[in-house]
1. Provide Rg and Dmax in Å for segment 57-187, with only Cα atoms included in the calculation.
2. Ratio of Rg to Rh for segment 195-348, alpha carbon only, Kirkwood?
3. Kindly provide the helix-only [θ] at 222 nm of the chain, computed as the sum of -39,500 (n - 2.57) over DSSP H runs of four or more divided by all residues, to the nearest 500 deg cm²/dmol?
4. Kindly express, to the nearest 10 degrees and within the range 0 to 90, the angle between helix 240-258's C-alpha long axis and the longest C-alpha principal axis of the chain.
5. To the nearest µm²/s, what D does Stokes-Einstein give for segment 263-326 at 10 °C and 1.306 mPa s, using the Kirkwood radius over alpha carbon pairs as Rh?
6. Note the angle between two axes, namely the Cα long axis of helix 70-79 and the longest principal axis of the Cα atoms of the chain, as a number of degrees from 0 to 90, rounded to the nearest 10.
7. Sort 89-99, 43-53 for me by packing, meaning the mean count of neighbouring Cβ atoms within 10 Å per residue, highest on top.
8. Compute the projected area of the convex hull of the Cα atoms of segment 30-81, averaged over all viewing directions, and report it in nm² to one decimal place.
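Where a number appears in this text, it was derived from the coordinates with a stated rule and is not lab data. No experiment lies behind these values; they were computed from the predicted model shown. Neighbour counts run over all protein chains shown; Cβ positions are idealised from the backbone, glycine included.
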C-alpha cells in the first residue's frame, strides 16, 4: 500500500512537470519568440486555455503527500519554508502577469505584466530543479525528523548545506533548459509563421544542449551522492531507464532537424518522464535523504500514514482521477490544432 501511494504521488508530479512544464517553458522564451505585440499575443494564446488547469496536478500531488506521507510533508514544508514562499510568489506573479495584462488597456501596465510573466516563468524551473537537487543531495535531518536550510551557506554540498549550492544550481539550470526546450517544442507544434520558426530554432538548440547537460548532471549526482546508482546495480531492470533517456534525446534531436513537430514534443515528454522516474528509482525507498546521518533519512515506511487512511483514500482517489482525466481530455481536444495570428480568445 505504501509503495502504491508512492507511485501515485510520483505519477502526479510527472504529470505536473510534463503539462505545466511546457507552459513554463513557453513563458521562459516568451519575448525571444514573440517580437511584436501580435506575435506575443499568439504565444499567450497557445497556453491561455490550459495553463491553470495544468497546475491541478501540483495541487493534487501536494494533497496526496499531505495524507499519505505526513511526516515528509511536515519536514519538507517547514525546512524549505523560504524557497517555498518564493515559489508561491512566482506562481502568483506568473498568473497575474498573464491574466491581468489586458484588463486596463494601458500599454505600460501590459509591458510590466509581460515582464513579470516571463521572469516568473524563467525562475520557476530553476527553483523546481534546485528542489529536486536538494532531494537527491540530501538535507540535515535531526533526530526529530526536522531540518531547516538557509538559502545558501558556502555554496558547497556537505553535512550542513544551503538550499543553493553548485550542485542544486546546476540542477536548476538543467531544469530551465529542459523545460524551455519542452515549451519551444510545444509552441512549434501549436503555432505557425515566424513564431513557429523561432520556437523551432530554440527547440533545436535545446535538443543539442540536453545530452551534454544530462551527462554532466549524472556525474555531479554521483559525486554528491555516491550511492545514487546502488538501486541500478541491485535491480538491473532499472537500466532500461537510462536507455529510454538516451533514445528520447536522440529522437528529439533527429525530429527537430527533420521538422517532425509532434514527434519532437513526444520525445521531450519521454525525456522528462524518464528522468524523473530515474531519480525516483535511484532514491527509493528513501523519500528525503539525510546529508549528515543516513539513518535519519525519511523512508516511505517511516513517513507514511496509517494503512486504514490509505485504504479509505482508494475509494475517492480513482473517482477524482477519472474526473480530472475526463476534463483534461475534453480541454485538450477542444483546443487542439494550429493557432493563427489575429484570432482572439481573451489573451491579447
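1. Expressed in Å, the Cα Rg and Dmax of segment 57-187 come to 17.0, 56.
2. Across segment 195-348, the Cα-based Rg/Rh ratio is 1.07.
3. Taking each H run of at least 4 residues, the total per residue is -24500 deg cm²/dmol.
4. 10 degrees
5. Diffusion coefficient, whole number: 106 µm²/s.
6. Helix 70-79 sits at roughly 70 degrees to that axis.
7. 43-53, 89-99
8. Mean shadow area of the hull around the Cα atoms is 5.2 nm².
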